[in-house]
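Below: one structure, written as structure tokens.
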């Protein structure tokens with residue numbers, strides 16, 4: 001098996017493939033039923049009038065092997081941008097071929113090029129394969145931070161000013 005990995009920016013024609021990869025990731029993360037976005041939604045987010053995210057694809061021998069989807073954040077303490085890695089996924093048959101490392105290396109290089117102060121992401125606590133991989137790269141695990149989320153009815157309630 002070749003380990004020649006190529007990373008390239010996603011293009012509008014890649015939207016169906018990206019959504020397919022997102023669904024593969026959701027299945028791996030035991031949440032396939034949570035993917036409700038459409039190709040149109042993804043195309044607008046990545047390539048619309050006001051893009052809110054970016055994506056890169058990893059290819060091995062011209063075949064899709066994985067992707068990373070990310071967006072810009074901002075550190076008020078450092079007064080500099082950062083990159084939030086929303087999703088990184090490597091197809092199972094391409095794992096341990098350097099694809100994940102190349103994707104993260106590409107994003108780290110983008111962060112440096114863009115004068116970002118950091119590259120952040122989260123990982124599921126049960127995903128020891130990913131956690132071990134990130135630790136092996138020297139990524140710091142920030143256990144003192146707890147992720148919070150408002151969605152659905154709770155989001156609507158807070159947006160309207162109504163207390164629970």
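Rule-based calculations on the coordinates, nothing more; no lab input. Worth saying up front: this structure is predicted, and the values here are computed from it rather than measured. For neighbour counting, all protein chains shown are included, and Cβ atoms are generated from backbone atoms with ideal geometry for every residue, glycine included.
Only counting other Cβ atoms within 10 Å, I'd like 33, 93, 87 sorted with the fewest neighbours first. It would help to have the intermediate numbers written out before the result.
Values: 33 8, 93 11, 87 18.
With the sparsest Cβ surroundings first, the list reads 33, 93, 87.
Need the full-extension length gain, residue 23 to residue 76, defined as separation in residues times 0.36 nm minus the C-alpha distance. One decimal, nm. Mind dumping the intermediate values first?
Details: separation 53, 0.36 × 53 = 19.08 nm, distance 3.37 nm.
This chain segment gains 15.7 nm when fully extended.
With the cut-off at 1.5 for a/c, could you classify region 105-150 from its C-alpha gyration tensor as rounded, prolate or oblate? The partial results should precede the final answer.
On the way: a/c = 2.32, a/b = 1.36, b/c = 1.70.
Because a/c hits 1.5 or more and a/b fails to exceed b/c, region 105-150 counts as oblate.
Given a Förster distance of 25 angstrom, what is the FRET efficiency for residue 129 paired with residue 36, based on the Cβ-Cβ distance and rounded to 0.05? Display every interim value, and only then the final one.
Details: r = 26 Å, r/R0 = 1.05.
Rounded to the nearest 0.05, the efficiency is 0.40.
Taking Cα atoms, how many degrees apart are the long axis of helix 128-137 and the longest axis of the chain, rounded to 10 and kept between 0 and 90?
With both axes taken from Cα atoms, the answer is about 70 degrees.
Can you sort 84, 145 by how many other beta carbons sit within 10 Å, fewest first?
On the way: 84 15, 145 9.
Least crowded to most crowded, the residues run 145, 84.
Classify region 5-159 from the C-alpha gyration tensor, please: rounded if a/c falls under 1.5, else prolate or oblate depending on whether a/b exceeds b/c. All intermediate terms of the calculation are to be shown ahead of the outcome.
Details: a/c = 1.23, a/b = 1.08, b/c = 1.14.
Rounded.
State whether region 80-125 is rounded, prolate or oblate according to the following rule on the C-alpha gyration tensor (a ≥ b ≥ c being the square roots of its eigenvalues): a/c under 1.5 gives rounded; otherwise a/b larger than b/c gives prolate, and the remaining case gives oblate. Kindly include the intermediate steps, with their values, before the conclusion.
On the way: a/c = 3.68, a/b = 1.70, b/c = 2.16.
Cα axes put region 80-125 in the oblate bin.
What FRET efficiency, computed as 1/(1 + (r/R0)^6) with R0 = 22 Å and r the Cβ-Cβ distance, is obtained for residue 159 and residue 44, rounded to the nearest 0.05? Please report the intermediate quantities before stating the final value.
Working: r = 21 Å, r/R0 = 0.96.
With a Förster radius of 22 Å, E is 0.55.
Would you kindly state how much longer the chain becomes between residue 8 and residue 95 on full extension, computed as 0.36 nm times their sequence separation minus their alpha carbon distance, in nm to one decimal?
Between residue 8 and residue 95, full extension yields an extra 29.5 nm.
Taking Cα atoms, how many degrees apart are the long axis of helix 99-113 and the longest axis of the chain, rounded to 10 and kept between 0 and 90?
For helix 99-113, the angle is close to 60 degrees.
Only Cα pairs under 8 Å and at least 6 apart count here; give the relative contact order of region 5-159 as a rounded whole percent. Mind showing how you got there, number by number?
Working: 177 pairs, mean separation 27.2, N = 155.
Computed over region 5-159, the figure is 18 percent.
At a 10 Å Cβ-Cβ cut-off, how would you order 116, 79, fewest neighbours first? Each step should come with its number before you reach the end.
Values: 116 21, 79 8.
Sorted ascending by nearby Cβ count, the order is 79, 116.
Give the separation of the Cα centroids, region 7-26 to region 36-62, in Å.
Distance between centres, Cα-based: 6 Å.
Using only Cα atoms and rounding to the nearest 10 degrees, what angle (0 to 90) does helix 15-28 make with the longest principal axis of the chain?
Orientation of helix 15-28: about 80 degrees from the principal axis.
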